[in-house]
Amino acid sequence: MIKAILWDNDGVLVDTEHLYFRATREVLSSIGFELTQKQFIELFLIEARGAWHLVQQMGFSPEEVEQLRQTRNNLYCDFLLQEKLLIEGVEEVLAKLHGKYKMGIVTSSLKEHFDIIHRSTGLLKYFDFVVASGDYIKYKPDPEPYRIAVQKTGFSAEECIAIEDSLRGLLSAAGAGIRCYVIPNRLTQKSDFASAFKVLNHVREILEELNQPCDQTASSS
């Protein structure tokens, strides 16, 4: 029986990943590095190592790279403040699940960005806890963020499900022994999600999945 739901943030609850790509691309373009969408998906959404090692290979010092990173982070903050971020249908789903399951957010977002994002979404009232950057040492696709989240639920990994949108998130959840539903977005829709428990088209389908008889859900694992 499912007792806890662990949600990724960017790309699942809020539509922010294209803004992160935009901010990163603009800053890198200023130094003559034209980051493609394909590179962004591979380096950021799958490998989770960013493109800064490539900047260093161009001859930039660690101090210069850090300055570029901070410029990108500031630009991303500006974009977050300008855009409507909430993904359609998310609050409806969270409201229906609230109180029936323990729910947490498991994200790689910096807390500064996370706070800006949810300053206006009104979503945090639906969650029991948040695991964000700074709460763990190893980032997704390492399973550490989800292992910490499972501990916070007080349940076993088998009693939890994860909702993700990227391969790195899927690998992190699966590595922690959690069944993972994937809802691809515009940047991740061509990724290989063969190891997902199930690939969904829309967040509302989570409600249908959870309304399945418990024995049917269990037999699918």
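Quick notes on this structure:
- Among 156-167, 179-190, the order from most to least packed when residues are scored by Cβ within 10 Å on average: 156-167, 179-190
- Working note: 222 nm ellipticity from helices only, DSSP H runs with n ≥ 4, each -39,500 (n - 2.57), summed and divided by the residues of the chain, gives -11500 deg cm²/dmol to the nearest 500.
- Rounded to the nearest whole Hz, the Karplus-based 3J(HN,Hα) values (6.51 cos²θ - 1.76 cosθ + 1.60, θ = phi - 60°) of region 187-193 follow the sequence 8, 10, 5, 9, 6, 8, 10, with x at glycine and proline.
- C-alpha center-to-center spacing [region 80-108, region 6-60] in angstrom: 23 Å
- Relative contact order (%) - region 3-77, alpha-carbon pairs under 8 angstrom, separation at least six: 29 percent
- Angstrom value of the Kirkwood radius, inverse mean 1/r, which spans all Cα pairs in region 96-196: 14.1 Å
- Extreme residue, positive dipole direction of the chain, given options Tyr126, His113, Leu45 (C-beta unit charges): Tyr126
- Relative intensity, log₁₀ I(q)/I(0), of region 1-127 from a Debye sum that treats every alpha carbon as a point, q = 0.09 Å⁻¹: -0.31
- The number of Lys pairs in region 1-103 with C-alpha atoms less than 29 Å apart, excluding pairs fewer than 8 positions apart on the same chain, is 7.
- Ranked by how many other beta carbons lie within 10 Å on average, peptides 84-91, 126-133, 170-177 from highest: 170-177, 126-133, 84-91
- Solvent-free Debye calculation, one equal scatterer per alpha-carbon of region 127-178: log10 I(q)/I(0) at 0.19, 0.25 Å⁻¹ equals -0.56, -0.98.
- Averaging the sequence gap over all C-alpha pairs within less than 8 Å and six or more residues apart, then dividing by the number of residues, gives region 132-213 a relative contact order of 23 percent.
- Size descriptors for the chain, from the alpha-carbon set: Rg then Dmax equal 17.6, 58 Å.
- Given a 1.4 Å probe and the protein chains as shown, Asp78 ends up with an accessible area of around 80 Å².
The values are calculated or read from the model by the stated rules, or taken from the named source; none is laboratory data. Note that the coordinates shown come from a computational prediction; the quantities given were computed from them, not determined experimentally. Note that we place each Cβ from the backbone using ideal geometry, even for glycine, and neighbour counts take in every protein chain shown. Heads up: the accessible areas ignore ligands, DNA and RNA and are worked out on the full protein's heavy atoms, side chains in. Shrake-Rupley method; radii C 1.70, N 1.55, O 1.52, S 1.80 Å.
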